[in-house]
Structures are given as C-alpha cells and as structure tokens.
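Asker: One structure, pasted below without further comment.
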Amino acid sequence: MNLLDAKLGTDYIISDIRTDDEELDAFLFSLGCYSGEKITVISRTKSNCVVSIKDARYSIDSRLASAITIKN
C-alpha cells in the first residue's frame, strides 16, 4: 500500500521508498522520511498530499506519494 491508499489522519510506518533519483532519496531522508519512520496523511487532492513526519508538515506530489510504501 502507498500513501495514495492511506486513510486520512491514520498513523502508518514507512516500509520503503521506491525512486530512481538519489538526490530525491537524500532530500526525503533529510526530512525524516525513511524506512521505519511514522507518517500521517493530513489531506489529499488530485495533485498532492500533505503529510506529517516528525511533527512537521510537508506537501508532496502524487507521483512521490505513490513511491512511498507504508504499513500499519
């Protein structure tokens, strides 16, 4: 399951991030978005998701949201 499938307001654990871009991986890591970290989808539109990671909120596009796999 990825972030696009997540229920709003529910805490999940990031299980994997599947991108082919090392810069993007490093950027996400600097935000605290890495395997094993807790993530919550706050809101979602067709083009982006607002997520909470480590008490901070970030807006990510749907393409990136689909690359972040999660588990309960």
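The values are calculated or read from the model by the stated rules, or taken from the named source; none is laboratory data. Predicted, not measured: the structure shown is a model, and the values here were computed from it. Here the Cβ positions follow ideal geometry from the backbone for every residue, glycine too, while neighbour counts run over all protein chains shown.
Asker: Mind listing whichever residues of segment 25-42 are closer than 16 Å to Met1 by Cβ and either β-branched (Val, Ile, Thr) or in a strand (DSSP E or B) (or both)?
Answerer: Lys38, Ile39, Thr40, Val41
Asker: Can I ask one more? Return the residues of segment 18-43 that are at pLDDT 95 or above and over 17 Å from Asn72 (Cβ atoms); say none if nothing qualifies.
Answerer: The answer is Ile42, Ser43.
Asker: A follow-up question, please. Among the aliphatic types (A, V, I, L, M), touching a Phe, Trp or Tyr at 6+ places or on another chain (Cβ under 9 Å) and touching a residue at least 40 places away in the same chain (Cβ under 8 Å), is that true of Leu3? Let's see the steps before the verdict.
Answerer: Details: among the aliphatic types (A, V, I, L, M): yes; touching a Phe, Trp or Tyr at 6+ places or on another chain (Cβ under 9 Å): yes; touching a residue at least 40 places away in the same chain (Cβ under 8 Å): yes.
Against the criterion (among the aliphatic types (A, V, I, L, M), touching a Phe, Trp or Tyr at 6+ places or on another chain (Cβ under 9 Å) and touching a residue at least 40 places away in the same chain (Cβ under 8 Å)), Leu3 qualifies.
Asker: Which of the residues that make up segment 20-72 are touching a residue at least 60 places away in the same chain (Cβ under 8 Å) and surrounded by 12 or more Cβ atoms within 10 Å (Cβ to Cβ)? Show your work before the answer.
Answerer: Of the residues in segment 20-72, the ones touching a residue at least 60 places away in the same chain (Cβ under 8 Å) are 65-72.
Matches in segment 20-72: Ala65, Ser66, Ala67, Ile68, Thr69, Ile70.
Residue by residue, here is whether (1) assigned to a loop (DSSP other than H, G, I, E, B); (2) in contact with a helix residue (DSSP H, G or I) (Cβ under 8 Å, 6 or more places away or on another chain) holds:
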site	(1), (2)
Ile13	no, no
Glu23	no, no
Lys46	yes, yes
Val51	no, yes
Arg57	no, no
